[in-house]
Structure formats: C-alpha cells, structure tokens
C-alpha cells in the first residue's frame, strides 16, 4: 500500500489481484448477484486509490480496506432500499437461484432438497441466509470468518467496541443458525429478513426453543 | 435461565469458539461444558452454523476484473484531472495512461523549446555552412587578386617556373605572402593560427572580392583554383599567383586593364616581364661582388659612351650627373631604350652572375635601362635631394632664372644651365 501511495501502478495492480476475491465474497453477503458484487468491488478499489494519500501505515491495511468495503456496501444498500433487491421474503422479487431454492423447498416430499441439492446450491442457500442478516452482524461475521480478524481488528474496522463486536458476533451466529435450521432440517429456505433491529426478536425466538 | 443469562453464555461460547477468551475464561467455560449437555448442544449449533460459511467459495481470481478496475480508475482520474500517472503494467492490453490536460503546458513549453532549438540549430548550420564555404574557398580567397591578373591556369603554371624571379620576390615579400594553404580542411585550423594580422587583412580583402563576383566568374575561378590545388606543384603555383598579384598591385590600373585584351601567351609575357622587373629592382640590394665588378667595367666601357651617344651630350659630364639627366630627360621610369641597347646589354650579360643574368634577360627591353641604372647607382637615382645638390652647383647669378615652384621647369632649367660649358660643375 505504501507503494500505491507513491502512485506505483504495479503495486496497485498487485493489491487488486491479492484482495479482489475476498472483497467480492465480502460484498456478495450484501447483494443478490455476483455482477453487483463485482461492481461494488471495483468501487471499493477505486475509493482505495482515491484515498491512498490518507492511508496511515499505523493502521492495518485490511482493516482500512474492509472499512471502505463496508461503507461502499452500506451506501449501496441504502441507495437501493426502495428496490428491496436483497429481500428474501418478497415472492414477487424472486428470481434466479432464489426461485430455484424456493422451488426445491416446496417440492414434493419424494424430492426432499436436503439430499438432492448439490454443493453449489447449498452455498447459494447459505449466502441467502448471510444476506438476510443485519448489516453489522453480517459485517462482523464475515470479517471474523473470512478475514480471520480478531475482535479488536473487527472493532477497529467497524468503529465499535470489542464488547459490541463480541455481542454482534454472538447474535450473528445465533441468527445464522435460526435462518439455516429449517433448511438444514427439512429443506425450507430462510424466509425472514433480519435487520439489526430484528436481532432481539430472533434471539427471543431462539431462547424459547 | 434468563434471556440476559442466555445472551451472556452465548457470547461466551461464541468468544470461546473464536479463541477470544482468556485462558481463565476458557477454562471456566470448558468446566461448564463438561457438566451441561444443553450448553454443549448450543456450542455445537453455534459451531455448525458458523462452519457452514466455509461452503461459500471465495470468488476466483479474475484477471479481467483487475484490468477493468484499473481502466475504471484511469477513467475516474481523467475525469477528475488528478495528476497521477499510472505507468503501464503487465496488462499490456490495457491503456493505462490517461489523457490528462496537465500535460498540455509542458507539451507547449517543450514544443516552443524544440522550435527555438531547431531555430538555433538552423542558424548554426547556416553560419557553419558559411564558415565551411569560406574555409573551402580559402585558396581562392588568398589568391583571388593574383587570379584577377593571371586569369589562366597555364599562365599560372608557366609563371611558377620562373624560379629566379619568384624566389627573390618570395624572399622580399614574405611578410605579405599568405603561407601555402593545406589541402585538408581540418589542417586549415592550424594554418589559420599561424597567420599574421597582415595576412588576415589580405584574406578579408580577398573574401570581399569573392562576394562581389558573379556566379560564372566565381565558378571559373573556383574551378581554376581546384585544378591548382590538385596539381603536384600546388604550393609553387599558388605562390606564383599570389606574388604576381602583389607585383601587379604596385602598377597603375591602366596597365592591369590592358591584360583583359591579351591572349594567354601575351598575358604570360607581360606578367613575366613585370615579375622580373620587380625582382630585378629588389636584386639591386643583393648584387654579388661579381655583378658589381662586371657592372663597373661595363659602365665605363659601354654604358657611358652609349648614353653620351644617345643624348648627344658633351663628354666630360660627371657620370652621376649624366645618369640623372638621362633619368629626367628620357623618363626612364616609363620605359626607355638606347639606340644600340641590344649590343650594349649583350656586352654585360656574360659577366654577370647567373641570377643577375637571368633577371636582366627576363626584364622587357624598355625596362632594362631602368634596371641597369638602378643596379649601377641605386643611390644616384634622381631625387629631390640630388636636384637640390645640382641646383647648388649652379652659379648664384644663374639661379634667379629658375622657378623653384615648378619641379619640371626646374629640372629643365638645371639641365640647360649645366649643359653650358661655363657652367659645367667642377670635379670634386
């Protein structure tokens, strides 16, 4: 990154090569398809380059990178709030793999999905569940899972306290379990939109079990 | 278990799975897990759902993404006119250099600088070409005054073979003679360093003459000079041309104009006589003992009697006076021949040195007498001083009739008075 600050194009190219996969996967947790994730990822790297002079070497680069990615994703979600592209519950907005999953879920019992869907479809289902999490839970969970960030690093990235991160990650795991349990048990797809505001509700349901 | 308790234990289990608990906290959790099956199940659920995320594939590396991202960055920077250059990377297919306006001024300045540089270079080349042309024409510049008289290569070569006269002239005029010009342009630099201010003045004059030549004349002279420079006796011929020019410089222009009407053979003869006359005059100062003896004997035996005969003068006039009279009366300066000059000169020639003989033979008949008078008595050539001396010897009563304001009249009157028997000067 220090070389990128000196306008070294090759270093910037290396940086894109190194982080493009993880950034796109991170953004896939926010949007409904790979193309959107790719567009957002490009936006992330563009912002990285534009803001390169502001980068302080004292901060871990990935912390800085994911803070930008998180902002890009959040802005995108807010800008497209009315479109509700990320809502799993809207039957009318179903398309592509989501429709496939739902069709599988509502298929006759002789074609129970748990055993029939293949690995890629399971991944799609998990991604849907991830997308259904609230923004902060999702971000914390992905930074923990995919970037192996410590609570402290996640806190730095998200601008939260370590305790808040601890709480977020706990609720994210519980909510993820709640979303995926019906599917894992009998092939039902996640049907609930989970914003951070919904966490308490979900947690209450979970506690009741 | 209250909801807060459940949240708290869930947070601890999550932190335990994430390795974020201290060793003491981890030990405490593990102790509870041993005793509490529901807690173990909850831990397993939390781990299971979390592990499911492993099935999400990482987006594969895509070179196309990198390229399109770099293109996007370049495009954005171009729009924002940010002064950043992204040099080419290993993505050879991508044009990473944006078109930026901030290059405009440097480009303009570079263009102006380039034009100025080209202008200076052109000026230098023109000047250099002019200097090179001058250096190339150096031989012609140095010899042009001589060429104007010689006008012909063969005439120049023939003149260069008159070695006796040319040798004397070269020695006498060495201060004014431009040294032989090297054929190599590169050697001419050292040659120029050896020139004196007088040489430079002559070269400047030659260059001015060259500039005034029309194209045909220039081509003709340049062609002749080129032939001379390529000839084996180049130095001798160039000296001859140059010396001839110097000799002709001392003559009235009317004589030079006569050259235009002459054919090469006539021109050679004329120039040769002028060259010999000039050399013979200079030779007066370097007569050998043999020459002096021969001249003295010849003067008494042949020359004086011949003059007396020619002037029909009375005998007994002092030789010095006789010569002066001859000089004034017959205008020897403009050429004069004795009636029996050929016989008289023939009596002298065999007794002269080789140089003296060759010089006298080379001089034209009309000038031989002047040369002989100069050789015989160079200090007796008529001068104002000698006139005054002669005047002093005239009786005082006779002087009053002489008009001193008119030199010609004075000469005639002195001559007339001295010719009278009673006015003959007394021998010292």
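Of A:171, A:136, which residue is part of a helix (DSSP H, G or I), at pLDDT 85 or above, touching a helix residue (DSSP H, G or I) at 6+ places or on another chain (Cβ under 9 Å) and buried (at least 23 other Cβ atoms within 10 Å of the Cβ)?
On the way: A:136 fails: buried (at least 23 other Cβ atoms within 10 Å of the Cβ).
Only one candidate qualifies: A:171.
Could you count how many residues in region A:28-45 are facing chain B (nearest Cβ under 10 Å) and modelled with pLDDT under 85?
Looking only at region A:28-45, we keep the residues that are facing chain B (nearest Cβ under 10 Å), and these are A:28-29, A:34, A:37-39, A:41-45.
From the residues that got through so far, the ones that are modelled with pLDDT under 85 too are A:28-29, A:34.
Matching residues across region A:28-45 total 3.
Look through B:41, B:53 and report the one residue that is surrounded by 19 or more Cβ atoms within 10 Å (Cβ to Cβ) and either more than 7 Å from every other protein chain (Cβ to nearest Cβ) or in a helix (DSSP H, G or I) (or both). Spell out how you get there, then give the answer.
On the way: B:41 fails: surrounded by 19 or more Cβ atoms within 10 Å (Cβ to Cβ).
The match here is B:53.
If you check residue B:174 against the conditions, is it at positive phi and in the same structural domain as residue B:219 (by TED's automatic domain parsing)? Steps first, please.
Values: at positive phi: no; in the same structural domain as residue B:219 (by TED's automatic domain parsing): yes.
Judged against the criteria, residue B:174 is not a match.
Restricting attention to region B:8-21, report how many residues are within 19 Å of residue A:144 (Cα to Cα) and either more than 9 Å from every other protein chain (Cβ to nearest Cβ) or part of a helix (DSSP H, G or I) (or both).
Keep residues of region B:8-21 that are within 19 Å of residue A:144 (Cα to Cα), which gives B:10-21.
Subset that is either more than 9 Å from every other protein chain (Cβ to nearest Cβ) or part of a helix (DSSP H, G or I) (or both): B:10-17, B:21.
Within region B:8-21, residues that are within 19 Å of residue A:144 (Cα to Cα) and either more than 9 Å from every other protein chain (Cβ to nearest Cβ) or part of a helix (DSSP H, G or I) (or both) number 9.
Could you check region A:13-32 and list, in sequence order, the residues that are over 18 Å from residue A:67 (Cα atoms), without any contact (Cβ under 8 Å) to a residue 40 or more places away in the chain and surrounded by 19 or more Cβ atoms within 10 Å (Cβ to Cβ)? Please lay out each step first, then the result.
Within region A:13-32, the subset over 18 Å from residue A:67 (Cα atoms) is A:13-14, A:17, A:32.
Then drop every residue that is not without any contact (Cβ under 8 Å) to a residue 40 or more places away in the chain, which leaves A:13-14, A:17.
Residue satisfying the conditions is A:13 alone.
Would you point out which residue out of B:271, B:243, B:290, B:277 is over 30 Å from the mean Cα position of the chain (by Cα), buried (at least 20 other Cβ atoms within 10 Å of the Cβ) and assigned to a helix (DSSP H, G or I)? Spell out how you get there, then give the answer.
Details: B:271 fails: over 30 Å from the mean Cα position of the chain (by Cα); B:243 fails: over 30 Å from the mean Cα position of the chain (by Cα); B:290 fails: buried (at least 20 other Cβ atoms within 10 Å of the Cβ).
Exactly one of B:271, B:243, B:290, B:277 is over 30 Å from the mean Cα position of the chain (by Cα), buried (at least 20 other Cβ atoms within 10 Å of the Cβ) and assigned to a helix (DSSP H, G or I), namely B:277.
Could you please give the count of residues in region B:56-79 that are in a helix (DSSP H, G or I) and modelled with pLDDT under 80? Step through it out loud before you land on a result.
The initial filter retains those residues of region B:56-79 that are in a helix (DSSP H, G or I), namely B:63-79.
Retained after the next criterion (residues that are modelled with pLDDT under 80): B:74-79.
Total meeting the criteria: 6.
Where residues in region A:58-67 are over 15 Å from residue A:160 (Cα atoms) and touching a residue at least 24 places away in the same chain (Cβ under 8 Å), which of them is surrounded by the most Cβ atoms within 10 Å (Cβ to Cβ)?
From region A:58-67, those over 15 Å from residue A:160 (Cα atoms) are A:58-62, A:65; that's our starting set.
Then drop every residue that is not touching a residue at least 24 places away in the same chain (Cβ under 8 Å), which leaves A:59-62, A:65.
Details: A:59: 14, A:60: 13, A:61: 15, A:62: 17, A:65: 24.
Only one residue fits best here, namely A:65.
Given the condition modelled with pLDDT of 85 or more and within 8 Å of chain B (Cβ to nearest Cβ), answer yes or no: does some residue in region A:148-165 qualify?
So far as region A:148-165 goes, yes, one or more of its residues are modelled with pLDDT of 85 or more and within 8 Å of chain B (Cβ to nearest Cβ).
Just name the residue that is nearest to residue B:225 (Cα to Cα) out of those in region B:177-190 that are within 11 Å of the chain's Cα centre (by Cα) and touching a residue at least 24 places away in the same chain (Cβ under 8 Å).
B:181
The values are calculated or read from the model by the stated rules, or taken from the named source; none is laboratory data. Note that the coordinates shown come from a computational prediction; the quantities given were computed from them, not determined experimentally. With ideal geometry, Cβ positions are generated from the backbone for all residues, glycine too; neighbour counts draw on all protein chains shown.
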